[in-house]
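Down below is the structure, laid out as structure tokens.
Nothing in this text is a laboratory measurement; each read-out follows from the coordinates by a stated rule. Predicted model only: the values in this text are computed from it and were never measured. Every residue, glycine as well, gets a Cβ built from its backbone with ideal geometry; the counts of neighbours run over all protein chains shown.
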């Protein structure tokens, strides 16, 4: 088994998941689904990385002599749509596992469907970071760290590395934004800083160019020396533009939802963003993945892509070991990193082992900075 694990980490990523007896090649493909906003920028890397992982596995001979077939469903980042997709996937007996969803609200909504007493199906989220996912049920796993880690990592960076003492927070009024701002605020105050304000926004609100001006004007008057934005990149771009228009020149920080700010041009230059994966991660397997992804798609992967890639690989390892039965896959994942026969999975995004709630244990959070259209490790 350790030989199989080492194969997963070889630099060329010709990851030879060796066929194992039991299921013959003529039994048809093993179908794994991905579910997320694949038609939007936040789900773009998810889809490409899944395609890369599946193609590499199939070129190496598949799993147990069978090809992996990727089933793609677009949940449009909508909880309602996520429920529809989860129902479809749960009720299709040919689907053995799901990688999804991206947004915490979508994952929480779909979890009620995946956790079916008779037809349960594993769902491994690459990027749902809400602390509420911890209690989402026995069929739900995630390979990303929760907001309980992102917020404190940002707080530490702001206080220790940026020297910030007064931070104003503007956050999306959803599970993601509230979770990040809460954990950030607690950690920043504990370090000795002052959280000047925590002001919410809704996406439609930002259609007005001056919507957040009162928040920002008050924070600037109160001596803000760092601005924390907990939300998604499109909204953050507008908030940063407003802050700069009002004369604020200090640092901006935010969680991984801001990743795609890297594509926003000069307005995003110098923004600090927490992430569970950065493309310049100094690890041979990570760099091999980045090269393969870049050669094929002519762009860099984001954290959602890297962790989707790892989730596909981990599910493939489970199937190699225990077969394509849904319950067997769930039981195997629940014990990843718990026994010598089921060691931690060394993925391109780092070590994956699950705790009793299906949360990844001890996953690192790095701080990146936008430089010339790239999100690179800060301080390098």
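Values for this structure:
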{"quantity": "Alpha-carbon Debye profile of the range 166-300, log10 I(q)/I(0) at 0.09, 0.14, 0.16 Å⁻¹", "calculated": "-0.30, -0.66, -0.82"}
{"quantity": "The range 271-380: C-alpha pair distances exceeding 19 Å, %", "calculated": "49"}
{"quantity": "Among 151, 193, 223, residue whose mean-square fluctuation peaks in a GNM of the chain (springs only between Cα atoms under 10 Å)", "calculated": "223"}
{"quantity": "Helical contribution to [θ] at 222 nm, DSSP H n ≥ 4, -39,500 (n - 2.57), averaged over the chain, rounded to 500", "calculated": "-11500 deg cm²/dmol"}
{"quantity": "Of 101, 44, 150, the one that fluctuates the most in a GNM where the chain has Cα springs shorter than 10 Å", "calculated": "44"}
{"quantity": "Stokes-Einstein D in µm²/s, Kirkwood radius over Cα pairs - the range 107-165 at 37 °C with 0.692 mPa s viscosity", "calculated": "253"}
{"quantity": "Estimated FRET transfer efficiency when R0 is 45 angstrom, pair residue 325-residue 372 (beta carbons, to 0.05)", "calculated": "0.40"}
{"quantity": "Antiparallel DSSP beta bridges within the chain, as percent of all bridges there, nearest 5", "calculated": "30"}
{"quantity": "Principal-axis tilt of helix 175-191 within the chain, Cα atoms, nearest 10 degrees", "calculated": "60"}
{"quantity": "For the range 44-138, radius of gyration divided by Kirkwood radius, i.e. Rg to Rh on alpha-carbons", "calculated": "0.98"}
{"quantity": "Potential lengthening between residue 160 and residue 134 on full extension [0.36 nm per residue; Cα-Cα distance subtracted]", "calculated": "6.4 nm"}
{"quantity": "Evaluated over the range 111-205, the Cα radius of gyration and Dmax, each in Å", "calculated": "16.3, 54"}
{"quantity": "Gap separating the Cα centres of the range 80-107 and the range 256-334, nearest whole Å", "calculated": "19"}
{"quantity": "Stokes-Einstein D in µm²/s, Kirkwood radius over Cα pairs - the chain at 20 °C with 1.002 mPa s viscosity", "calculated": "102"}
{"quantity": "Cα convex hull of the range 155-225 - mean projected area over all directions, nm²", "calculated": "4.7"}
{"quantity": "On Cα atoms only, tilt of 303-322 relative to the major axis of the chain in degrees", "calculated": "20"}
{"quantity": "Whole-number percent relative contact order across the chain, with pairs defined as alpha carbons under 8 Å at least 6 apart", "calculated": "18"}
